[in-house]
Amino acid sequence: MESTEVAGPTTGAPRYLHVKVVESEDGGHAPVNVRMPIGIVKWGMKMGQAFSPQMKEANLDWESIAAMIDSGAVGEIVHVEDEERHRTVDVWVD
């Protein structure tokens, strides 16, 4: 599994976080395609880290992601390719 974090250029305060999962095995079907307001995302990240062992164990720098969002970074934050399961996960803000 490959993971990268990328911060786009700052073009104003981001308003939404998008999460999209695409399964390439079934012709590019997107079983997950979510858009959430940034305020809810920041609250959810704090709650998830406090109560979810999976969030604590995830190989992501949550503080860096929160800092990118707070600084107004727009664009892709995380791109993960799971070649074994033929899935791609993209997370971006705009």
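The values are calculated or read from the model by the stated rules, or taken from the named source; none is laboratory data. Since the structure is predicted, the reported quantities are computational estimates derived from the model, not experimental observations. Here the Cβ is made from the backbone with ideal geometry for all residues, glycine too, and neighbour counts use every protein chain on show.
Can you name the residue in the range 48-77 that is in a helix (DSSP H, G or I) and touching a residue at least 40 places away in the same chain (Cβ under 8 Å) and is also farthest from Leu17 (Cα to Cα) among such residues? Outline the logic, then answer.
Filtering the range 48-77 for residues in a helix (DSSP H, G or I) gives 48-51, 53-57, 62-70.
So of that shortlist, the ones also touching a residue at least 40 places away in the same chain (Cβ under 8 Å) come out as 64-65, 68-69.
On the way: Ser64: 15, Ile65: 11, Met68: 12, Ile69: 9 Å.
If we take residues in the range 48-77 being in a helix (DSSP H, G or I) and touching a residue at least 40 places away in the same chain (Cβ under 8 Å), then Ser64 is farthest from Leu17 (Cα to Cα).
For the condition touching a strand residue (DSSP E or B) at 6+ places or on another chain (Cβ under 7 Å), at pLDDT below 85 and either at positive phi or of a type outside the set (S, T, N, Q) (or both), what is the one hit in Val41, Val74? Give the derivation first.
Values: Val74 fails: at pLDDT below 85.
Answer to the selection: Val41.
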